[in-house]
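Contents: one structure, followed by commentary.
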Amino acid sequence: MSGAAVALGEPRTRIFGIRHHGPGSARSLSWALECFRPDAILIEGPADADPLVAYVAADGMEPPVALLAYAPNEPARAAFWPFAMFSPEWQALRYAAEHAVPVSFCDLPAAHTLALDTEPGDNGDPLAALAAAGGYDDPERWWDAVIESSSNHTGDGTEIFEAITEAMGALRAAAGDGPARAASDTNLVAAAPAPSDPDRLAASAIGDAEEAVPQPDPSASAGFLPGGIDLRTLQREAYMRQVIRRTLKSGARRIAVVCGAWHAPALAGKLGPAVADSRLLKGLPKVKATLTWVPWTHSRLAGSSGYGAGITSPGWYHHLFTRTDDPIARWFTRVAGALRARDLPVSSAHIIESVRLADTLAALRGRPAPGLSEVTDATRSVLCDGDESMLRFVSDELVVGEALGSVPESTPTVPLDADLRAQARTLRLKQQALAQQLDLDLRKDRDVARSHLLHRLRLLGIDWGTTITGAVRNTGTFRESWALRWEPGLSVAVIEASRWGTTIRTAAEAKIRDRADASDATVADISAALETALLADLGGAVDGLVARLEAVAAVDHDVTHLLAALPGLIRTLRYGDVRSTDLGALARVADGLLLRICAGLPGAVTGLDTDAAAQLRGLIDATHVAIATRDDAHATRTWLAALGLVADRDDVHGALVGRAVRLLCDAEIIADAEAARRLSAALSIGHSPAEKAAWIDGFLGGRGLLLVHDRDLLRRIDSWLRELDEEQFVATLPLLRRTFGAFEAGERQAIARAVREGTPATAPQRDHSGPDAARGALALHAATEILAGAR
């Protein structure tokens, strides 16, 4: 029938039941739309997203993308509707834009979706029944063989959609569609969803929902009717019918409705009375919703990544959709290229044999063409030589793939997101789905600005980058390394952070002030906030944080809090030197904290159990390292004097005394002979085996090489162990295993060799008489030769 004849006759509505994110469905739909030439298109999706349709054809819009809906007063309540290039819905949107055809979304508005607690469900997987009938145990492989791998189009392209609608109608009848529809009016009040819980996210995708947080089992909720089709699905389909009625009333003569295959039977044929649908939709909860476009990724489309309505092979589907000419050979060529990039030997012969094997497997299995199953088996056998790790690489790299879409700069967004995009563009930081390492040199202005931005984003909970420790050879305060990866969910984090301000800097300053001003903030909390503020160059917050730190420190008498805070303050002083920050006030605070720690430490170590002693020991270690890096002679003397008071106590937990003795010995305050004497005293009669083991753990903890080089110390510990009776040895063994288990494997092996070889009666003592001029001359000569060779 010609378009003119259709225009003069009765209006025609065609229902195209598709598979979400299916390239075969997308190709079939494109062909059908070209044949049908609709004058109006309705697409399953939130009806209140219609104003965003205009951006589909805008410059800069590259799928995968997603519609994002969120509640402005509660941004964490959000929902996504993703689209890939091979999504039938996206192809329908593109067709409408290219042919100037009016297009609208026809599903429940996001304002209702965000307010509803129940998850939209399609009553399980209806395609599993069709797959089982076709002899497939995997419904996705069945769809791949029957639909996705087929590119033959005949007639007006409606045959496949009519067949799918008929099959879905049979499945819905078996599920009790008729009784459920009939019961919906009488059960509507009793089955209505409960009021929305603001602490949970309602997240909906096209057809099924992607949950930002776990949702309860829908089958356990009151929203499901006895017939087996849930109330939420019936309400969505009722709204779709209402939109179709409105479109017909507007004068459209050829309406194309693109929806999930499960919904097609509910929309086909006569729509029935509108009053029944109106009653079904009456009283739906509603919240204010804001919608926009955000970039998406292939990995978020993958079911293996937890996306409820997703597919397991988006990279494969993208290939099928974009490479219709000899797709199998082209796919193996891509696989070969990926393996060669990892320096694996793959030749042209491998590709040829892979294609032949895939074709043979398809013939043996009675399939018209190789599908993903055959391609995977051929890849494993020919290209990967049966190596599952290589096959996993191919799956992650190509079958799932990773592609990050983009949206136009003019897309509606919150001011904070606009500021982030502008700064990223200025600093040449590209939002990419693939992880990448960024090494910064803080002596360069651009790298300093990048560091500030990434630290501010982390403070706001936008984890675009995470710091890497020791990633560059030249470690120190001038170097910083980051692992960058942009996840689609960060778009929600940006919206959530927008409540703190309209720019990244002002929002970060506001949030860090709020954190420090909390009534329960400790000295350590404020110290950490101050360190973060310096790293992020939040100069507007530094003075207030220093004042807050002084005020809280003045009334906080807990030495453990002060010990926890001091290392961060000293690191902050070091960062200040690099970033040219005036931190004179902070230096005074750090000096004051150190004096109070040293005065209170001897009393703070008294009466501690094992767990408390272990915690305090960790704080002492961190403080000792921090003071050593400060290079302040007066501070070092003050701290070592406080450790000396702890080491001289006999009523303190052995782990703390042993650690104090070890630190003083390393600082050459206590000679080796004195350390040996104290060890002997700690291992003497009068102390329990547990106390002795704790002393040894404190003295040796993390320093196994000490026993290798100090044979006298090893001999003393060995003699003590030999003197233990069986009961004492069994009681002490767990503590010693914890101590020696913390040593490196090489250290433990060296200790074992030393024990087997035997220990001398005496150990060489450290010479405290002064520098050895002869050895110094040798070292100076060696250094000169090295530097001369470097020229």
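Laboratory data are not the source of any read-out in this text; all were calculated from the coordinates shown. Every value quoted in this text rests on a predicted model; they were computed, and no experiment measured them. Cβ: placed from backbone, ideal geometry, glycine included. Neighbour counts: every protein chain shown.
Through the Karplus equation 6.51 cos²θ - 1.76 cosθ + 1.60, θ set to phi - 60°, convert the phi angles of the stretch 612-624 into ³J(HN,Hα) values in whole Hz; use x for Gly and Pro.
5, 5, 5, 5, 5, 4, x, 5, 5, 4, 5, 5, 4
From the backbone phi of the stretch 649-666, what are the Karplus-calculated ³J(HN,Hα) couplings (6.51 cos²θ - 1.76 cosθ + 1.60, θ = phi - 60°) in whole Hz, Gly and Pro given as x?
Karplus-based 3J(HN,Hα) across the stretch 649-666 equals 7, 10, 10, 10, 3, x, 5, 6, 5, x, 5, 4, 4, 4, 5, 5, 5, 5 Hz.
Would you mind getting me the FRET efficiency between Ala363 and Asp343? Use the beta-carbon distance for r and R0 = 25 Å, nearest 0.05. Intermediate results must be reported in sequence, preceding the final value.
Numbers: r = 34 Å, r/R0 = 1.38.
Efficiency for this residue pair is about 0.15.
Using 0.36 nm per residue, how much length does the chain from Glu159 to Ala681 gain when fully extended, once their Cα-Cα distance is taken away?
Working: separation 522, 0.36 × 522 = 187.92 nm, distance 9.28 nm.
Here the segment from Glu159 to Ala681 would lengthen by 178.6 nm.
Using Cα-Cα distances under 8 Å and only pairs 6 or more residues apart, what relative contact order does the stretch 415-500 have, in percent? Working shown, then result.
Numbers: 98 pairs, mean separation 32.9, N = 86.
Once normalised by length, the contact order is 38 percent.
Set the Förster distance to 60 Å, then compute FRET efficiency between Ala173 and Ala54 from the Cβ-Cβ distance, nearest 0.05.
That gives a FRET efficiency of 0.90.
Considering only the other residues whose Cβ falls under 11 Å of the Cβ of Pro689, what net charge follows from Lys and Arg at +1 and Asp and Glu at -1?
That works out to -3.
Length gain on complete extension for the stretch Ser719 to Leu733, per 0.36 nm per residue less the alpha carbon to alpha carbon distance? It would help to have the intermediate numbers written out before the result.
Values: separation 14, 0.36 × 14 = 5.04 nm, distance 1.50 nm.
Net length gain for the segment: 3.5 nm.
Fewest Cβ neighbours within 10 Å first, please rank Lys511, Lys288, Lys249, Lys692 accordingly. Walk me through the intermediate numbers first.
Values: Lys511 21, Lys288 12, Lys249 8, Lys692 24.
Least crowded to most crowded, the residues run Lys249, Lys288, Lys511, Lys692.
Using the beta-carbon distance between Lys249 and Ser410 and R0 = 45 Å, what value does 1/(1 + (r/R0)^6) give for FRET efficiency, to the nearest 0.05?
Details: r = 33 Å, r/R0 = 0.73.
The calculated FRET efficiency here is 0.85.
Counting other beta carbons within 10 Å of each residue's own, what order do Leu416, Leu566 fall into, fewest first? Could the numbers behind the result be given before it?
Working: Leu416 23, Leu566 26.
Neighbour counts put them in this order, fewest first: Leu416, Leu566.
Between Ala100 and Asp514, what is the label-point separation in nm under the 7 Å Cα-to-beta-carbon projection?
Spacing of the two 7 Å Cα→Cβ label points: 4.9 nm.
Sorting check: for 255-268, 637-650, 604-617, which peptide has the highest mean count of neighbouring beta carbons within 10 Å, and how do the rest follow? Present the calculation step by step, with values, prior to reporting the outcome.
Working: 255-268: 24.2, 637-650: 17.1, 604-617: 15.6.
Result, highest mean Cβ count within 10 Å first: 255-268, 637-650, 604-617.
Can you list residues from other chains, or at least 5 along the same chain, whose modelled amide H is less than 5 Å from the amide H of Leu440?
Glu480, Ser481, Trp482
Scattering from the C-alpha atoms of the stretch 325-400 alone, worked out with Debye: what is log10 I(q)/I(0) at q = 0.12, 0.13, 0.17, 0.26 1/Å?
Values returned for q = 0.12, 0.13, 0.17, 0.26 Å⁻¹ are -0.28, -0.33, -0.56, -1.30.
Using a basic spin-label model with each label point 7 Å from the Cα along Cα→Cβ, how many nm lie between Lys282 and Lys270?
2.3 nm
Less than 17 Å from a label point 7 Å out along the Cα-to-Cβ axis of Glu62: which backbone N atoms in the stretch 387-407 qualify, by residue?
Within reach of a label on Glu62, which here means backbone N under 17 Å from a point 7 Å along Cα→Cβ, the stretch 387-407 contributes 401-407.
Ala40's amide H: which non-local residues (gap 5+, or another chain) put their own amide H closer than 5 Å, with H modeled 1.01 Å from N in plane and none for Pro or chain starts?
The answer is Arg254, Ala256.
Note down the nm distance, to one decimal, between modelled labels 7 Å out along Cα→Cβ at Ala745 and at Cys35.
6.5 nm
For the stretch 389-405, in order, what is each residue's ³J(HN,Hα) by Karplus, 6.51 cos²θ - 1.76 cosθ + 1.60 with θ = phi - 60°, in whole Hz (x at glycine and Pro)?
Going residue by residue, I get 5, 5, 5, 5, 4, 4, 5, 5, 7, 10, 4, 7, x, 8, 9, 10, x Hz, with x marking Gly and Pro.
List the residues whose amide H sits under 5 Å from the amide H of Asp107, counting only those 5 or more places along or on another chain, with H placed 1.01 Å from N in the peptide plane.
Sorted by chain and number, the residues that satisfy this are Gly45, Ala47.
What is the sum of charges, Lys and Arg at +1 and Asp and Glu at -1, for the other residues whose Cβ falls under 13 Å from the Cβ of Ala547?
Numbers: positive: Arg513, Arg548, Arg588; negative: Asp517, Asp543, Glu550.
Here the charged neighbours net out to 0.
Using mean Cβ contacts within 10 Å as the protection proxy, how do 713-721, 234-242 order, highest first?
Details: 713-721: 18.2, 234-242: 22.1.
Packing proxy ranking, top to bottom: 234-242, 713-721.
Calculate how large, on average over all directions, the projected area of the Cα convex hull of the stretch 368-420 is; give the answer in nm² to one decimal.
Values: hull surface 26.9 nm².
Projected area, direction-averaged: 6.7 nm².
Counting other C-beta atoms within 10 Å, which of Thr532, Thr297 has the fewest, and how do the rest follow? Please report the intermediate quantities before stating the final value.
On the way: Thr532 21, Thr297 27.
The order, fewest Cβ neighbours first, is Thr532, Thr297.
Using only C-alpha positions, report the orientation-averaged shadow area of the convex hull of the stretch 415-500, nm², one decimal.
Values: hull surface 22.2 nm².
Mean shadow area of the hull around the Cα atoms is 5.6 nm².
At most 15 other Cβ atoms within 10 Å and a DSSP loop assignment: could you name the GluC sites (Glu not before Pro) in the stretch 393-449 that fit?
Numbers: sites: Glu397, Glu402, Glu409; in loops: Glu402, Glu409.
Listed in order of number, the matching sites are Glu409.
What ranking, highest mean first, results for peptides 43-53, 516-526 when packing means the other Cβ atoms within 10 Å averaged over each residue? Walk me through the numbers on the way to the answer.
On the way: 43-53: 20.4, 516-526: 16.7.
Packing proxy ranking, top to bottom: 43-53, 516-526.
Hey, got the dipole for the stretch 415-500? About the Cα centre, +1 on K and R Cβ, -1 on D and E Cβ, debye to the nearest 20? Before the final figure, lay out the partial values.
Details: 14 positive and 10 negative charges, 51 e Å.
Value, rounded to 20: 240 debye.
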